[in-house]
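Step one of this worksheet: look at the structure below.
The values are calculated or read from the model by the stated rules, or taken from the named source; none is laboratory data. A quick note: this is a predicted structure, and the numbers were derived from the prediction, not measured. So basically every Cβ, Gly included, is an ideal-geometry build from the backbone, and we count neighbours across all protein chains shown.
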Amino acid sequence: MAQYTKATNFAAKDALLPSDPDKIIKGTEFDDEFNAIQTAVNSKSNAISPNFTGVPLAPTATVGTQTTQIATTAFVNASFQNTSAYAGLVAQVIYPVGALYISTLGTNPATLLGFGTWVEFGVGKVIVGQDATDALFNTLEETGGSKDIATSTHTHSVTAATGTDSLTTGTATVATGGTNTNVQPYVVVKMWKRTV
């Protein structure tokens with residue numbers, strides 16, 4: 001980018017004597033000045049829709065600036081580094097002590113997120129939403145249920161009439177004591193609870 005530098009000192013000509021030939025402003029002097037101005041103007045970008053070439057420089061705004069000024073690479077880099085630091089703080093707000101982290105990865109969230117103490121939670125159990133109106137589900141972290149259902153031996157009595165004159169009665173024994181597995185459809189994930 002060329003800067004305009006005046007070649008002729010026109011004010012100095014005023015101090016010259018009228019008989020001094022240098023007092024006269026010559027066409028070549030005008031031509032040299034206008035050519036220098038033209039060169040300087042041609043090397044600059046327009047204010048509207050400028051087309052920069054080379055490595056243009058601009059002032060670097062402070063991190064957090066939210067104006068329409070140009071964002072330099074230095075500003076973007078500093079903002080990104082600042083954002084990365086804030087991301088950890090935001091994650092700690094999203095996952096406060098007592099929060100659950102659920103993942104299909106077996107990696108402890110302290111390693112993934114870089115903060116907190118996490119312990120495995122609900123191993124072998126499913127999650128149920130709290131229901132204040134149901135004694136089984138009204139307290140947070142309450143546990144219960146069994147994947148086995150107990151069965152017992154029981155009998156059924158049958159009395160049946162066939163027609164108006166005949167009556168048949170009998171007793172049948174159904175099942176035997178023990179347990180049967182009763183498991184709802186599931187997908188296995190790793191659950192962690194933040195404790196610190």
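Figures for the structure shown
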read-out	value
Cβ-Cβ under 7 Å pairs, at least 6 apart or on other chains, the range 18-37 side in the same structural domain as Gln3 (by TED's automatic domain parsing), far side surrounded by 11 or more Cβ atoms within 10 Å (Cβ to Cβ) and not in a loop (DSSP other than H, G, I, E, B)	Asp22/Lys13; Lys23/Lys13; Ile25/Phe10; Ile25/Lys13
In the range 95-122, the residues that are in a loop (DSSP other than H, G, I, E, B) and farther than 12 Å from Thr195 by Cα	Thr104, Leu105, Gly106, Thr107, Asn108, Gly114, Gly122
Residue list for the range 106-134, restricted to those being loosely packed, with under 10 Cβ neighbours inside 10 Å and more than 22 Å from Tyr95 (Cβ to Cβ)	Gly124, Ala132, Thr133, Asp134
Test: residue in the range 40-58 that is loosely packed, with under 12 Cβ neighbours inside 10 Å, under 60 Å from the mean Cα position of the chain (by Cα), farther than 30 Å from Asn82 by Cβ and hydroxyl-bearing (Ser, Thr, Tyr)	yes
Selection count where residues are at pLDDT below 75 and among the aliphatic types (A, V, I, L, M), scope the range 149-196	8
Which listed residue is in contact with a helix residue (DSSP H, G or I) (Cβ under 9 Å, 6 or more places away or on another chain) and over 30 Å from Leu113 (Cβ atoms), from Leu16, Leu57	Leu16
Among residues of the range 94-143, those that are on the phi > 0 side of the Ramachandran plot and of a type in the set (Gly, Ala, Ser), counted	5
The lone exception for Phe75 - which of (1) in contact (Cβ under 8 Å) with a residue 24 or more places away in the chain; (2) in a helix (DSSP H, G or I) it fails	(1)
Residue match in the range 106-127 (condition: within 30 Å of Val183 (Cβ to Cβ) and among the polar types (S, T, N, Q))	yes
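Rundown of residues vs (1) in contact with a helix residue (DSSP H, G or I) (Cβ under 9 Å, 6 or more places away or on another chain); (2) modelled with pLDDT of 85 or more; (3) among the β-branched types (Val, Ile, Thr), yes/no style:
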| residue | (1), (2), (3) |
| --- | --- |
| Ala40 | no, yes, no |
| Gln66 | no, yes, no |
| Gln81 | no, no, no |
| Thr107 | no, yes, yes |
